[in-house]
1. Cross-link list Lys37/Lys136; Lys111/Lys224; Lys170/Lys224; Lys35/Lys170; Lys60/Lys203; Lys136/Lys224: which exceed 29 angstrom alpha carbon to alpha carbon?
2. Please compute the contact order of region 151-234 in relative form: average sequence separation of alpha-carbon pairs under 8 Å and at least six residues apart, divided by the residue count, as a percent.
Amino acid sequence: MKIFRRIIIIVSIFILVIASILFFIGYGSYSNVLKEKPLFDRINEITSKEHFVKFDDLNKNYINAVIAIEDHRYFDHGAVDYLSIIRAVFTNLKEGEFEQGGSTITQQVAKNVFFSQERTLSRKLGEVFGASDLEKNYSKNEIFAIYVNTAYFGDGYYGIYDASKGYYNKEPKDLTLYEASMLAGVPNAPSIYAPTVNPELAKQRQKQVLNAMVKYGYISESDKSDVLNQSVSQ
């Protein structure tokens with residue numbers, strides 16, 4: 001029994017030490033980017049741009065499509081969705097690949113606003129601190145708007161306004177379900193899913209978005225079929 005207790009104590013100390021190291025790496029990474037430019041200055045630069053699209057001016061189908069495919073529990077969890085992370089870890093282990101990261105929309109905003117796209121441990125940990133800071137100072141609607149206004153949609157289009165005007169020559173609020181579901185899937189991999197790069201892969205990604213919208217109750221199977229039939233005819 002004494003040996004078992006010692007093992008538990010040693011393991012607990014080990015976990016605490018690792019957690020402390022990771023904490024300081026992440027906190028240090030985030031602190032460094034704030035020294036370069038504070039949080040509010042970064043956000044103000046984004047929201048003050050001429051074509052920044054506020055949440056209330058976004059198309060409802062587009063909002064639902066993004067949430068369904070990117071972070072379906074967005075309005076229910078905090079900056080980090082630990083259930084999603086655990087699910088992603090098990091899925092990656094099962095598939096033998098590391099394709100799912102479990103990042104929330106807020107974490108993706110933190111990545112876009114504070115860090116480069118380089119995949120490093122310090123950046124990933126710093127992203128968590130950035131996401132937490134964002135949710136302390138901004139509403140979910142505001143963070144969502146920042147996300148879609150900073151996401152890259154391929155073809156040189158940064159933000160939903162440029163993407164909507166560039167691909168469909170219309171305001172974001174006027175997107176159809178077909179267009180909304182198409183654009184919602186692009187930021188995951190713009191070099192692959194941009195409609196002008198590979199139309200077939202873009203339509204496959206669109207189908208994934210529509211399936212997610214059906215799964216989470218945003219549209220019906222009939223709505224999905226109508227869009228997919230429209231895709232075939234185009």
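We did not get these values from a lab; they are worked out from the coordinates using the rules stated. These numbers were taken from a predicted model, which means no experiment stands behind them.
1. Beyond 29 Å: Lys111/Lys224; Lys35/Lys170; Lys136/Lys224.
2. 22
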